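No value in this document is a laboratory result; all are computed from the given coordinates. Since we're looking at a predicted model, the values are computed, not measured. Cβ: placed from backbone, ideal geometry, glycine included. Neighbour counts: every protein chain shown.
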Amino acid sequence: MAGDSGNPKTPAWYGGGLSAALPVGCGNIYYVNGGSDGPVVDTNNGLTPATPKQLLQSGIDLCTNDNNDVVIVLNYGGNARAVEAWPVEVNKSQIHIIGVGNVAQKWPLVSVDDVGGAETANPALLITADRVEVSNLNLGGGNTAGAIHIGDGGGTWGTWIHDCFFGVEGTSQDGVRIPAGVAGPYTTITECRFDIGLIRDGIRFDANATRCRLGLPGHGNVFNNIPGVCINLNAGVTEPGIFDNVMGIPANTAAAGITFAAGVLDAIVDGNKANFGDTTMGNNPFADAAAAGANNWLLNYQGITAVMPS
């Protein structure tokens, strides 16, 4: 577990809430600043806020598998976006990538937007290692990719994404995607904002994510005018839980809130609210194509009216 390679942890650096963000028993801490106030070369050691790495990939590369290491993204802008090799590969297990931001502003914008359209098929982050946490980042992918992709051929376990922005600045086809042919068991996404910069879906799973949690009771996500589907389980997903998400839909479109493919099984869905306009929308925003009784739908709202899925 957490080792000590001499990486300093000075208490004065952890003001403004960072101490609460660090995991219990955290390992080494590395700093990245790809913003205008950061370095224009990537030769710093990343060990202190005064000597950060320029590139997020370089901060991740310093981490050790299963060491509970932390990458603090102080800022992220054109200094890094123009030279980062996309996607950034999150390939170290049990690490934490934490941006400097608050509920109103995620200052680091980790996005492929600054490369003149050359990265349209790449996400910003490709998570292929287990037990990764990503928080407090503003993320954008290509126009045929999600901002974050999860999964590899062997399955990527236990990703936790929280307090992030998707489609607030920059664009992506989807916010968070599990592509076909991979798997993301136990993926958990909480307290994120999915906004109008997305081209298609907010959360889209094209492969299994066994026992995933998309929102937790009291810790759901917010979806604002997503042009496709807010939460689209477009594959045989086993035992998902979808809780307390708020969904503003841009048109009177059926199934634009939550959509289940026929293979979704043993889900529990509760506390979600979706609507278009200032009266109850005419079409049901929830759709479940699975067999009768395959999933458990509890108290979910079409406007202010409790409704079962179509």
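Among HIS149, HIS162, HIS96, what is the fewest-to-most ranking by other Cβ atoms within 10 Å?
Details: HIS149 25, HIS162 16, HIS96 22.
Taking fewest neighbouring Cβ atoms as first place, the list is HIS162, HIS96, HIS149.
Rounded if a/c is under 1.5, else prolate if a/b beats b/c, else oblate: with a ≥ b ≥ c from the C-alpha gyration tensor eigenvalues square-rooted, which is region 78-166? Walk me through the numbers on the way to the answer.
Values: a/c = 1.89, a/b = 1.15, b/c = 1.65.
Oblate is the answer for region 78-166, as a/c is 1.5 or above yet b/c matches or exceeds a/b.
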*asked:* Just to be sure I understand: with springs between alpha-carbon atoms less than 10 Å apart, which residue in CYS230, CYS164, CYS26 has the highest mean-square fluctuation in the Gaussian network model of the chain?
replied: CYS26
*Within the chain, helix-based [θ] at 222 nm, where runs of 4 or more DSSP H residues each add -39,500 (n - 2.57), nearest 500*: -1000 deg cm²/dmol
*Taking θ as phi - 60°, what are the ³J(HN,Hα) couplings along region 208-221 by the Karplus curve (6.51, -1.76, 1.60), each to the nearest whole Hz, with x for Gly and Pro?*
5, 9, 3, 6, 5, 9, 10, x, 10, x, x, 9, x, 10
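Please state the relative contact order of region 86-306 as a whole percent: Cα pairs under 8 Å, 6+ residues apart? Let's see the in-between values first.
Values: 751 pairs, mean separation 27.2, N = 221.
So the answer I get is 12 percent.
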*So for region 137-275: antiparallel DSSP bridges make up what percent, rounded to the nearest 5?*
5
*Could you line up SER172, SER36, SER111, SER93 from fewest to most neighbouring Cβ atoms inside 10 Å?*
SER36, SER93, SER111, SER172
*Once you put a point 7 Å from the Cα of THR48 and another 7 Å from the Cα of MET308, both along the Cβ direction, what distance in nm separates them?*
6.5
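By average Cβ neighbour count within 10 Å, what is the ranking of 58-65, 249-256 from highest down? Mind dumping the intermediate values first?
Values: 58-65: 20.1, 249-256: 17.4.
Final packing ranking: 58-65, 249-256.
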*Name the residue, out of ASP69, ASP201, ASP270, whose mean-square fluctuation peaks in a Gaussian network model built on the chain with Cα pairs under 10 Å.*
ASP270
*Looking at the chain, what % of its DSSP beta bridges pair antiparallel, to the nearest 5?*
5
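Considering only DSSP beta bridges whose two residues both sit in region 211-273, what percent are antiparallel, to the nearest 5?
Numbers: 1 of 14 bridges.
So the antiparallel bridges amount to about 5 percent of the total.
Using alpha carbon coordinates only, what is the Rg to Rh ratio of region 202-310, with Rh defined as the Kirkwood radius? Working shown, then result.
Numbers: Rg = 12.4 Å, Rh = 13.4 Å.
Dividing the radius of gyration by the Kirkwood radius yields 0.93.
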_At a 10 Å Cβ-Cβ cut-off, how would you order MET247, MET281, MET308, fewest neighbours first?_
MET308, MET281, MET247
*log10 I(q)/I(0), Debye, Cα-only region 86-306, no solvent, q = 0.11, 0.18 Å⁻¹?*
-0.47, -1.30
*In whole Å, what is the distance between the alpha-carbon centres of region 28-82 and region 189-262?*
31
